[in-house]
Amino acid sequence: MRRDRRPITRPRRALLELIERSPKPLGPRELHRELRRAGVRIDRVSVYRNVAALLELGLLHRVLGSTAVRPCVERAQKCHHAIVCTACGSAREFHSVALEKALGDVRRSTRYRVLGHLLELRGLCESCR
């Protein structure tokens, strides 16, 4: 069920499950292709709309510089950081107390009211090294 208590649609559930099972972030075209391959009847426009809705609900995060999305591991209202393998595309979410402290230092020293931030590290995962 969604936060507004209406049931989630079958195509949206299939989309979210596909994203959660995927070892790497997927873009809307890849998602559409995989859903159709799995027998889910959904058009590409609906994939884009559903991805946008799931991003808005905080269930997904967009990979920076890409149309690919990845699941939100922790649904808590925390800043989400990720590390992405540049070889295979796998991604992991991480949280760092030290990093949050450093970002707090930046806010204080610049006297900005930060409304949000994105941080994505890129490198090679253990399998690709």
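Readers should treat all values here as calculations from the given coordinates under stated rules, not as data from a laboratory. Values in this document were obtained by computation on a predicted structure and should not be read as measured data. Note that we place each Cβ from the backbone using ideal geometry, even for glycine, and neighbour counts take in every protein chain shown.
The figures follow:
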item: Filter pass, R49 being over 20 Å from E20 (Cα atoms) and charged (D, E, K, R); result: no
item: Residues of the range 18-30 satisfying the condition of being closer than 14 Å to L59 by Cα and surrounded by 14 or more Cβ atoms within 10 Å (Cβ to Cβ); result: L18, I19, P25
